[in-house]
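So the structure is just underneath, and the comments pick up after that.
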Protein chains: 2
Amino acid sequence: MRLVVIGGDAAGMSAASRVRRIDPQVAVTVLEQTRDVSYSACGMPYNIADAARPMEDLVVRAAQVFREKQGIDLRTGHAATGVDLSSRRVVGKTLQGAPFEIPYDRLLLATGASAIRPPLPGFDDPDVMVLKSLEDGRRIKGRLQDGTVRRVAIIGMGYIALEMCEALRSRGIVVTMVKPRPVFLPWLAADLAREVRATLEAQGVELHLGRPVERIEKASRGLTLIGLERRLTADLVLLAIGVRPNSGLARDAGLELSLHDAIAVDGGLRTSAVDVYAAGDCADARHVVTGERTWIPLALRANRAGWAAADNICGQDVRLPGIVGTAAFRVFDLEVARTGLTSEAALAAGFEPVEVVIKTRSRAHAHPGAVPLWVQMVGDKRSGRLLGAQIVGREGAAHRINAAAVALHAHLTVEQFGQSDLAYAPPFGPVWDPLLTAANQLLKRL
Amino acid sequence: MRLVVIGGDAAGMSAASRVRRIDPQVAVTVLEQTRDVSYSACGMPYNIADAARPMEDLVVRAAQVFREKQGIDLRTGHAATGVDLSSRRVVGKTLQGAPFEIPYDRLLLATGASAIRPPLPGFDDPDVMVLKSLEDGRRIKGRLQDGTVRRVAIIGMGYIALEMCEALRSRGIVVTMVKPRPVFLPWLAADLAREVRATLEAQGVELHLGRPVERIEKASRGLTLIGLERRLTADLVLLAIGVRPNSGLARDAGLELSLHDAIAVDGGLRTSAVDVYAAGDCADARHVVTGERTWIPLALRANRAGWAAADNICGQDVRLPGIVGTAAFRVFDLEVARTGLTSEAALAAGFEPVEVVIKTRSRAHAHPGAVPLWVQMVGDKRSGRLLGAQIVGREGAAHRINAAAVALHAHLTVEQFGQSDLAYAPPFGPVWDPLLTAANQLLKRL
């Protein structure tokens, strides 16, 4: 059997390796348009923060290992440009411009996602950068190397924007953040978002919300962002307003697309075309809480989907249950974590959401070093089900969210979750874990 | 209705307060034999560590608040000595020796547990101390105050022993730990226990295992422990070999007892006698994983059982699902956490346990500051169910265990748990959370 994988990052390389491990008879070819495979994209902000560390530290497994140890025909610098479903062929061209054509028995689309770059005047300036590929990371880090970048404007205020804000501040760079819409972290409960915002402001980060950047102009030194209340100049602009799935190949081949134009897949990562699979940031997923399709491109799902696609390609029948939308990030010394639905998303999904926000402490009564911890929790008034949770605090937020994530997978009610036997020791939290206190409070309102 | 509560700590005061909140018509009397109510017993080692902090910091709510704000007839210094079920009376005597007698309509036994003190020669010396009540804590801390205690011998190596070891070392005291049985932390997987032991030894703590202390003798200065391979002298001995339920009153009244002589209760905290409830460390619980009775005296359960008893006393029908045996503690810079069953306990409960131990890292690939993290996981070969997990590491162990605890409550299989959508960000763990890696490894063996 000949498997062709388009895309050599998390999903693609996970799948390729696993297929070779399960069935060494399968001939696996991976087409990767860049020269990088298998790197920790999420680690880039932390690497950029440290001038002394080479970007290559982020490579998890070298191309050579895939080729020599695993016998994968890994072709970097190979961009697929078309898929012909009827003749089962992928066509494309190399970085050098040479066309190629390769037949397949099974095809895995692992084309990932791309940073959104609006077609606005000046947004194509070389000093307007995005951070998605390792090459993007190298470009940003290289640009910072000579010390001439003193001010950076970040457009966008999502995970990447916030992590990059921290990285740049740690290098002494003045950071201004800009977003067109008026609400800071709109998916986060207001009390929790306020804490994140206060943390940024305490670090000297200036925030501009509610006005879009209409164009970017060359200034005498650096760039000027036009459209805000006042002209903002920066030596470098980081564009971090989100990503979109790389589903052009799939669309052109006639595959069914789904939310945000992600490639529609079933629990076995099968697309609408026979023997064609999709995994990773280019594909959609099932949301365990709503039961509906969703598109939340994150690393764990990409890796897991790569494995499951491999299993199914090799003839096993593996079906992923889906995701609950768990995510965490750190911004300076603050941890932010979420799982499941916000009240707004719950309402849109047909639930009758009831929400509670509590402020408690990260350690036990009278234990030194306690800091505030905020927990938001959403339940469904009709069924009593737990629908989502969010936690913000200077310790104990990121790992704590996983207890709620598992509860969502198990479809627990708020009452059942509130009866969980969670760990207690004074250095780690109050007797009633903050999640339990939130559940107890929420239960009163359900 | 007249409710009498015997015992004024976590379970008793939680219940008394809640009953008054639900139904102010109920006359609530609490009989507490000591002069302390409602304090954070688990916080005592950390308080003792800090010579400057008053022990009174640990009091969560003052007796006066219970009396004046909540209208509870709180009688401290009142030791109950007997319960007459037929006439519904509690008899006892005060610290001053005055007898009392009090009638009840409903009775809650919240008598807690006591530190075990074997009747061996010299174990009753005033410098052989235990740590269970706040008075015990005051006694130890008072004894340390003049700086004459330079060496402490701790008999026992459980949670309290280890937390007190840390507290004493932080005050510059030389600590030797002794236990009669040969295995250090026998409930912890060997690879994980080794790490805890190495941490103690790195802190200069001497460990003696496998020989019991047969007697304690007065030395020219301090005490000598006899029975070990060599004579061990100490200025103070801390006896921390465990606790047993205070169920004498219940036994004498003819109530059904259960494991370890804990008072047998149902999910509604009802004892075998009508209108008599028991909650907290004196009572047993149902283990969610085995479905059998168990006795694991911990603070969260005590508080929760107090609440549930209150609800039932007030005529609601609340049934606790039980516990899964989740616990965490810190010893120096190491976090230790567990939930569910060990392989040994699983075997004894009729499962066919399969176990895996992995060593991984606390942060993502190439993220600075990562430290090793050990995870043990147990599953049932027949049903595929998750049965238990343990985690040890210098960060990310204590809170991480709760995801597994919730999975145990939900009766998830190892496969289902391994499909959980857990949070990922480089500062907090690898893409595949260590719990997921353990589940994936375990699944291969099931």
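Each value in this text was obtained by applying a stated rule to the coordinates, not by laboratory testing. Just so it is clear, the model here is predicted, and its values are computed rather than measured. FYI the Cβ positions are ideal-geometry reconstructions off the backbone, even for glycines, and counts take in every protein chain you see.
State whether region B:171-290 is rounded, prolate or oblate according to the following rule on the C-alpha gyration tensor (a ≥ b ≥ c being the square roots of its eigenvalues): a/c under 1.5 gives rounded; otherwise a/b larger than b/c gives prolate, and the remaining case gives oblate.
In terms of gyration-tensor shape, prolate.
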Counting other chain Cβ atoms within 10 Å of each Cβ in A:328-335 and taking the mean gives 3
Give a residue-ordered list of calculated ³J(HN,Hα) values for region A:96-104 (Karplus: 6.51 cos²θ - 1.76 cosθ + 1.60, θ = phi - 60°; whole Hz; x for Gly, Pro).
7, x, 7, x, 9, 8, 9, x, 9
List A:ASP235, B:ASP421 from most exposed to least, where exposure is judged by having the fewest other Cβ atoms within 10 Å.
A:ASP235, B:ASP421
For the protein assembly as shown, evaluate the Debye formula with one uniform point scatterer on each Cα (no solvent term) and list log10 I(q)/I(0) at q = 0.05, 0.08 Å⁻¹, rounded to two decimals.
-0.33, -0.80
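Compute the Cα gyration tensor for chain A, then decide on rounded, prolate or oblate, letting a ≥ b ≥ c be the square roots of its eigenvalues: rounded whenever a/c is under 1.5, prolate when a/b is larger than b/c in the other cases, and oblate in all that remain.
Oblate, since a/c reaches 1.5 and b/c is not below a/b.
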Translational D in µm²/s for region A:289-391 (Stokes-Einstein at 37 °C, 0.692 mPa s, Kirkwood Rh from C-alpha pairs):
202
Using a 7 Å offset from Cα along the direction of the beta-carbon, what are the separations from B:ASP317 to the same position in each other copy, nm, ascending?
4.2
Can you pull the one-decimal nm distance between simple spin-label points at B:ARG244 and B:ASP266, each 7 Å off the Cα toward Cβ?
2.9
Extension gain, B:ARG445 back to B:ARG361 (0.36 nm per residue minus Cα-Cα distance, nm):
28.0 nm
Using a simple spin-label model with points 7 Å from Cα along the Cα→Cβ vector, what separation in nm is obtained for A:HIS411 and A:ARG143?
4.9
Average other protein chain Cβ within 10 Å of Cβ, residues A:428-440
4
HN-Hα J couplings of region A:357-369 from phi, Karplus 6.51/-1.76/1.60, θ = phi - 60°, integer Hz, Gly and Pro as x?
10, 10, 10, 9, 10, 7, 9, 5, 2, 6, 7, x, x
What does the extension gain come out to for B:VAL274 and B:ALA348, with contour length at 0.36 nm per residue minus their alpha carbon separation?
23.4 nm
Modelled FRET efficiency - R0 35 Å, B:LEU259 with B:ALA27, Cβ distances, 0.05 increments:
0.55
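Assuming 1.002 mPa s and 20 °C, estimate D for region B:84-225 with Stokes-Einstein, Rh taken as the Kirkwood radius over Cα pairs, in µm²/s.
This corresponds to a translational diffusion coefficient of 118 µm²/s.
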Take the Cα radius of gyration of region B:49-98 and divide it by 2.2 N^0.38 Å, with N its residue count; two decimals is plenty.
1.65
For A:TRP187, which inter-copy label distances result when the label point lies 7 Å beyond Cα on the Cα-to-Cβ vector, reported in nm to one decimal and in ascending order?
3.9
Per residue of B:365-371, what is the mean number of Cβ atoms on other protein chains within 10 angstrom of that residue's Cβ?
5
Treating only the Cβ atoms of Lys and Arg (+1) and Asp and Glu (-1) as charged, compute the dipole magnitude of the protein assembly as shown about its Cα centre; round to the nearest 20 debye.
820
For chain A, what is the calculated [θ] at 222 nm in deg cm²/dmol (nearest 500), taking -39500 (n - 2.57) for each run of four or more DSSP H residues and dividing by its residue count?
-7000 deg cm²/dmol
With unit charges on the beta carbons (Lys and Arg positive, Asp and Glu negative) and the dipole taken about the Cα centre of region B:216-269, which residue among B:LEU225, B:LEU259, B:ASN246 sits farthest to the positive side?
B:LEU225
Using a Gaussian network for chain A with springs between C-alpha atoms less than 10 Å apart, which of these wobbles most: A:GLY393, A:GLY291, A:GLY322?
A:GLY291
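Within a Cβ distance under 10 Å of A:ALA250, other residues only, what is the Lys/Arg minus Asp/Glu net charge?
On the way: positive: A:ARG251; negative: A:ASP252, A:GLU256, A:ASP261.
The answer is -2.
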Kindly state, as a whole number, the per residue volume in cubic angstrom of the convex hull around the alpha carbon atoms of region A:1-160.
146
When the charge dipole of the protein assembly as shown is computed with +1 at the Cβ of Lys and Arg and -1 at the Cβ of Asp and Glu, the Cα pointing farthest to the positive end, of A:ALA337, B:GLY122, A:GLN316, is that of B:GLY122
Based on the Cβ-Cβ distance of B:ILE116 and B:ILE226, what FRET efficiency does E = 1/(1 + (r/R0)^6) give at R0 = 22 Å, to the nearest 0.05?
0.70
Report the Cα centroid-to-centroid distance between region B:1-77 and region B:374-446 in angstrom, as an integer.
37
Using the 7 Å Cα-to-Cβ label point, sort the distances from B:LEU120 to its equivalents in the other copies shortest first and give them in nm to one decimal.
7.7
